[in-house]
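One structure is given below, encoded as structure tokens.
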Amino acid sequence: MRGASLSALMLVVGCGRLGYDLLLTEGASGVGGAPANTDGGSSAGGGGSSAADGSVNHGSGGTLASGSTGGADASVGTGGADASVGTGGQPTSGDARVDGSAGAGGFDGGSYTCTPGARELCDGRDNNCDLVVDEVPACPSKCVGRAWGNHGYMLCDIAGWWSEAQTICETAGLHLVRIDSQEENDFIFAFAYEFDRGDVWTGGSDLTAEGDWRWTDGTPFWSGVRGDEGAAIGSAYTHWLGTTEPNGSNGAQNGEGDCLAMTELLQGSWLDEGCNYFNRALCETP
């Protein structure tokens, strides 16, 4: 912030389980109640404007500077204009704001709109505009949230069947992950194997009809029982391991290979596994 007459009040706000801090600097009041600095100063990730009610645009990491309070209430976020941290864009209304995900702490770009009072999901984002990410009880035990692009994800280190993984996701307001690009697959691979080893369940399966692979929302992405005989549907992204996956079977004990798992092999390749295998749950926001 600029100007010799400005005074600074520094306070540190802890932002959730993902381990980043925002440093808020409150600006001075303007003449006649008008903001002295509506820009709010510089911030890591580029800054930006805020909602009229003083709600704050933020991502993670860096310095966040508030604008002038401009009125009788001198508290941060009341009657003033706050700068944004990260890559958040312009707010869409006075009671909601667009919140960006930043590079620090595993975040990477993108934006979304938070809503005051909304349910906080375990997705690495501040869904309810309270400046805290994934606060209790958003994340179930042994689960952690992470944001990438316009998507939020939850990884749970709980081994279970494919159907049990889907239940975990749905209970948290999410669904088993759908993967649509190499970039998303790379992110998910890095996230999934940052904490532990072992395969993770995704939302793909051919449970309805053998060889008709679809995501949980019904979108088809592969047709064929064997990899060397099938093909992707249209421009759908796939990342099967080798040339024979899917191969239709992973042993009678765990059923036919009807459910899609990501493996640690070859940077997150896909396998069709018996749906009764015990894998971790990887969820995504709707």
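The values are calculated or read from the model by the stated rules, or taken from the named source; none is laboratory data. All of these numbers come straight from a predicted model, not from anything done at the bench. Because the Cβ atoms are built from the backbone with ideal geometry, glycine has one as well, and the counts that use them run over all protein chains shown.
Structural remarks
- Cys122 vs. criteria at pLDDT 95 or above and within 16 Å of the chain's Cα centre (by Cα): yes
- So Leu241, is it aliphatic (A, V, I, L, M) and at positive phi: no
- Output for the stretch 110-121, where each listed residue is free of Cβ contacts under 8 Å to residues at least 60 places away in the same chain and assigned to a loop (DSSP other than H, G, I, E, B): Gly110, Thr115, Gly117, Ala118, Arg119, Glu120
- Failed condition for His151, given (1) surrounded by 20 or more Cβ atoms within 10 Å (Cβ to Cβ); (2) in contact with a Cys (Cβ under 6 Å, 6 or more places away or on another chain): (2)
- Filter result for the condition that a residue is surrounded by fewer than 16 Cβ atoms within 10 Å (Cβ to Cβ), modelled with pLDDT of 95 or more, over 12 Å from the mean Cα position of the chain (by Cα) and under 17 Å from Gly203 (Cβ atoms), over Glu170, Glu164: Glu170
- Ala209 being among the small types (Gly, Ala, Ser) and surrounded by 22 or more Cβ atoms within 10 Å (Cβ to Cβ): no
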